[in-house]
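The values are calculated or read from the model by the stated rules, or taken from the named source; none is laboratory data. This one's a predicted model, so the numbers in the text were calculated from it and none came from an experiment. Don't worry about glycine lacking a Cβ; one is built from the backbone with ideal geometry, like all the others, and counts go over all protein chains shown. With ligands, DNA and RNA removed, areas are computed over all heavy atoms of the protein, side chains included. Shrake-Rupley method; radii C 1.70, N 1.55, O 1.52, S 1.80 Å.
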Amino acid sequence: MRHVDPAIMIDMIEQTASKSERESYEQHLTDCRRCAAEYDSWWTFLSGLCPSSLTDAPTKLINECIAIYRKPEPLPSRFQRASLLFDSFLQPLAVAGLRGTPAESRQVVLHTQVFDIHVKVSGKESDRRIMAQLLPLQPDTIIDGAQIQWHIPGCPAQVTRSNELGQFTFSGVPNGPLSFFIELPSSGSIIQFSVQGG
């Protein structure tokens, strides 16, 4: 008898060959080592292509696995930056010929999520005075005792606290760009802002 055709072997494995065909070729596969080895290799190959009997994992387990790799929501930062609303140094110069002299003080108004900050910088270059006030946007915001710190590159920082009206003062401030940090006593939030220029 001739060797079994691979197409017939596949039919036998997939159980599409007729009963009589299968019986006649099974005897040959028992006697012929070459056909038996080829049949076994086809069996191994085709069984690997069969559809999987696996089922999907439970939805709860899938969601738990996804949650492991989900990025956590960022925590709200303690730090906020104040935005500039008004700076008298950025306003147009007074028209020539009008009475009065140029203002020797600078007015700056800044805005945060918690309060507005009104800052007045006056005095000469090496001995400036800063008077400011925190104006809360909500009536329940505690501004009494807020810690205010300023930094100028190359100079030691100064620290003060606001009073019950949110007012604070610095004296003897040297010339240079100022960086302020305001820490609120109730929330621990830190507001940062800078006043550039002289």
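When you scan segment 20-28, do you find a residue that is farther than 30 Å from residue 121 by Cα, at pLDDT 80 or above and loosely packed, with under 10 Cβ neighbours inside 10 Å, even just one?
Taking segment 20-28 first, the residues farther than 30 Å from residue 121 by Cα are 20-28.
Narrowing further to those that are at pLDDT 80 or above: 20-28.
Now restrict to residues that are loosely packed, with under 10 Cβ neighbours inside 10 Å: 20.
Yes: segment 20-28 contains one or more residues that are farther than 30 Å from residue 121 by Cα, at pLDDT 80 or above and loosely packed, with under 10 Cβ neighbours inside 10 Å.
So that you can scan it fast, the table gives a plain yes or no per residue for (1) in a strand (DSSP E or B); (2) on the phi > 0 side of the Ramachandran plot:
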site	(1), (2)
132	yes, no
139	no, no
150	yes, no
164	no, no
188	no, yes
191	yes, no
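Quick one: what pairs do we get from segment 94-114, first residue more than 21 Å from residue 132 (Cα to Cα), second open to solvent by less than 100 Å² (accessible area, probe 1.4 Å) and modelled with pLDDT under 50, C-beta under 8 Å, 6+ apart or different chains?
Partner pairs satisfying both residue conditions: 94/100.
Within segment 77-92, can one find any residue that is within 19 Å of residue 196 (Cα to Cα), assigned to a loop (DSSP other than H, G, I, E, B), modelled with pLDDT under 80 and of a type outside the set (Asp, Glu)?
Our first condition is that a residue be within 19 Å of residue 196 (Cα to Cα); within segment 77-92, this holds for 80-92.
Keeping just the survivors that are assigned to a loop (DSSP other than H, G, I, E, B) gives 82, 91-92.
Now drop any that are not modelled with pLDDT under 80, which leaves 91-92.
Filter once more, keeping what is of a type outside the set (Asp, Glu): 91-92.
Looking for residues that are within 19 Å of residue 196 (Cα to Cα), assigned to a loop (DSSP other than H, G, I, E, B), modelled with pLDDT under 80 and of a type outside the set (Asp, Glu), one finds at least one in segment 77-92, hence yes.
Can you find a residue that is within 30 Å of the chain's Cα centre (by Cα), under 19 Å from residue 181 (Cβ atoms) and open to solvent by 70 Å² or more (accessible area, probe 1.4 Å) anywhere in segment 116-135?
Within segment 116-135, none of the residues are within 30 Å of the chain's Cα centre (by Cα), under 19 Å from residue 181 (Cβ atoms) and open to solvent by 70 Å² or more (accessible area, probe 1.4 Å).
From the residues in segment 170-180 that are part of a strand (DSSP E or B) and open to solvent by less than 60 Å² (accessible area, probe 1.4 Å), which one is farthest from residue 79 (Cα to Cα)?
So in segment 170-180, the residues part of a strand (DSSP E or B) come out as 170-173, 178-180.
Okay, now just the ones that are also open to solvent by less than 60 Å² (accessible area, probe 1.4 Å), so 170, 172-173, 178-180.
Details: 170: 23, 172: 28, 173: 25, 178: 18, 179: 14, 180: 12 Å.
Looking at the filtered set, the residue picked out is 172.
Would you pick out the residues in segment 136-154 that are open to solvent by 30 Å² or more (accessible area, probe 1.4 Å) and closer than 15 Å to residue 170 by Cα?
Across segment 136-154, the qualifying residues are 147, 149, 151.
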